Structure formats: structure tokens, C-alpha cells
Amino acid sequence: MHAGPGAGQGPEKHIFTSNLLVRRDVLETVAFDEAFTGWGWEDVEWAMRVARLHPILHIDNTASHLGLDTVAVLASKYEQSAANFARVVAAHREVVSAYPSYRVAKALKPLPLKGVWRPWLKSIALAEAAPTPLRAFALRLYRAALYSDAV
């Protein structure tokens, strides 16, 4: 796996099972955690455990799925991923605490009235008339707001 995107700090964060080549002995040594359910984080959590035993190398061989999911589908996936994110935080807080999504979630955690502003963020992300950068920012913030329950 090399020296392309994600090869620097935290290479485990840039592991996506949509584009992954792994030696058999690595998979035999470190299995995926089947307790994960729904969407998200099972590949990153697996890579966190792999990184303790094997080097993670990246090559410049991107896999893109931009535009394949609607914003509504992405929001739903983020909602599903919150429980998995909580599993990762519980097992690997020392690693995940360096991730921007964790840091933003931690900053959002103490804010009052989550029941008001969390759905508002989602509605901005879903608003097709809103500028794309604003929608993208609102969706990322919505994900962090969901994750704030786990930090």
C-alpha cells in the first residue's frame, strides 16, 4: 500500500474498502470487526489496528464516488455512522482525537439546543437552492453534530 495521499500522519484514516489491496497474511492477522453495523468507520477502525502491526502504504490510485450519492443519502449514511464512530472513539480515542471530525464534534458538544440547530444544519445541506459550498459545509457540520454525542 505507499507515498501518495494519506501516506503521512494517520494513514489509517485514508483507508477505504472501496479501493484496497491487502496481503493475505495481514487479513489473517487482523480481521475486520464484525460488530460494526450500518455504514461507516469499520474500514478506518480496522486500519487503526493494522497500523499497530504492519506499515500502511498508499499509492496514487484514487477511487471516487463523488456524485453517486445524493445529499439526502449521505446525511442518512452519516446518521447510521454515528454509532460506529462512537465504537471507534471508545476503542481508539488516542488516534481519532487528532481527526478534524472529532475536534469539531468536541467543540459542538457543549452547545445547547442541539435539537434545534442539528436539524437546521441538515436542512441547509438539503436545500438545493443554497450555494454548493454552504451546503457542503453544513453537511460536514451536521456529521460533526451527530458525532458530538460520542466525544
Total residues in the range 42-62, condition surrounded by fewer than 16 Cβ atoms within 10 Å (Cβ to Cβ), of a type outside the set (D, E, K, R) and either out of contact with any Pro (no Cβ under 9 Å at 6 or more places or on another chain) or modelled with pLDDT of 90 or more (or both): 3
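From the list VAL116, VAL88, pick out the single residue that is under 17 Å from the mean Cα position of the chain (by Cα), β-branched (Val, Ile, Thr) and at pLDDT 95 or above.
Result: VAL88 is the single residue among VAL116, VAL88 that is under 17 Å from the mean Cα position of the chain (by Cα), β-branched (Val, Ile, Thr) and at pLDDT 95 or above.
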Residue match in the range 129-145 (condition: touching a residue at least 24 places away in the same chain (Cβ under 8 Å), under 25 Å from VAL22 (Cβ atoms) and under 13 Å from the mean Cα position of the chain (by Cα)): no
Selection count, the range 69-79, where residues are of a type in the set (S, T, N, Q) and modelled with pLDDT of 95 or more: 1
Residue in the range 77-100 that is assigned to a loop (DSSP other than H, G, I, E, B), free of Cβ contacts under 8 Å to residues at least 24 places away in the same chain and surrounded by fewer than 17 Cβ atoms within 10 Å (Cβ to Cβ) present: yes
Scan of the range 28-45 for residues that are assigned to a helix (DSSP H, G or I) and closer than 21 Å to ARG143 by Cα, ordered by number: GLU42, ASP43, VAL44, GLU45
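The values are calculated or read from the model by the stated rules, or taken from the named source; none is laboratory data. Because the structure is predicted, anything quoted here is derived from the model rather than measured. In this analysis, Cβ positions are derived from the backbone assuming ideal geometry, glycine residues included, and neighbour counts consider all displayed protein chains.
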